[in-house]
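No lab work stands behind these numbers, since they all come straight from the coordinates. Source: prediction; values computed, not measured. All Cβ positions, even for glycine, are placed from backbone atoms using ideal geometry, and neighbour counts span all protein chains on display.
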Amino acid sequence: MAKEKGKIIMVTSSKGGVGKTITTLNLAGVYHLLKKKTLIIDLDLYGGGIGLSLNIESEKTIYNLVDDLINNRYSNFEEYVYNYNENIDILCSPKDPRQAAKIDIKYVTMVLSNAEFKYDVILIDTTHNLTPINIVTLDSSDKVLYIMTNDPMDLKNTKSFMAIMKDTEIDNVKILLNNACDINKKYFTNFDIKNIIKANIDYTISNDFFVSDIDRYVMEGKILLLQKKTAFLLRKDYNKMFLIGKELIDYVEEVK
């Protein structure tokens with residue numbers, strides 16, 4: 001029997017520094033614990049942080065994959081990914097910005113087509129600009145997790161983004177308000193935010209999930225959500241990440 005098409009989840013924002021990459025990794029941690037074969041694609045082509053955040057250096061990147069597709073050298077998808085653990089693979093962003101400029105949007109669709117029947121979940125970490133590649137990714141995604149913070153400029157950009165989504169009839173966007181990104185920014189209430197952006201807030205991560213020594217996890221190549229300390233000390237937001245992860249893939253609990 002052929003494997004079912006995997007769920008494609010795009011993680012995006014309209015501002016840098018909102019916790020997009022860390023959230024992507026935590027979602028990968030959720031899917032690992034759910035025994036879902038997961039691929040993380042770093043589509044922040046000019047400044048991707050997935051490899052850095054896990055302290056890994058992959059021999060090949062998405063640039064090598066696209067280059068081989070163009071030149072008919074492509075053979076096996078597995079040759080281009082870094083295997084993080086038994087359930088998580090990573091397709092890293094280009095090592096050189098000059099390589100990023102050579103990746104045409106039509107090949108992004110080809111990359112996804114080559115991956116979607118090999119994995120249960122494909123997580124795509126993107127840049128915060130609405131680039132042509134991000135637009136193609138939007139069209140290809142089953143769900144979009146949009147991350148925002150309690151920041152005036154972020155709210156302005158989010159309002160514009162959601163207006164575009166409404167005008168283009170894209171209705172699979174879920175908004176995550178990440179209060180753990182900058183715990184000192186408490187300018188607006190959730191009620192105020194919803195009125196400003198003209199959209200609902202689907203999920204909220206509290207400032208309790210702020211980790212002051214996140215750099216230590218990076219240096220050790222660890223995913224925050226997979227640490228026992230996180231599950232014990234940050235139980236509320238740990239459970240919230242599980243809720244988000246399950247809802248994004250329409251997860252159904254198995255009946256035993």
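Quick notes
- Listed from fewest to most Cβ neighbours within 10 Å, the set ASP202, ASP89 follows the order ASP202, ASP89.
- Difference of contour (0.36 nm per residue) and Cα-Cα distance, GLU254 to MET110: 48.6 nm
- Ordered by the count of other Cβ atoms within 10 Å of each Cβ, fewest first, TYR74, TYR187, TYR217 give TYR187, TYR74, TYR217.
- Within the range 129-167: backbone nitrogen closer than 14 Å to the LYS185 label point (7 Å, Cα to C-beta): 147-159
- Interatomic Cα distance distribution for the range 7-247, bins of 10 angstrom, percent: 7, 33, 37, 19, 3, 0
- Cross-link pairs LYS5/LYS95; LYS60/LYS102; LYS102/LYS246 - those with Cα-Cα distance over 26 Å: LYS5/LYS95; LYS102/LYS246
- When VAL121, VAL252 are sorted by how many other C-beta atoms sit within 10 angstrom of their C-beta, beginning with the fewest, the order is VAL252, VAL121.
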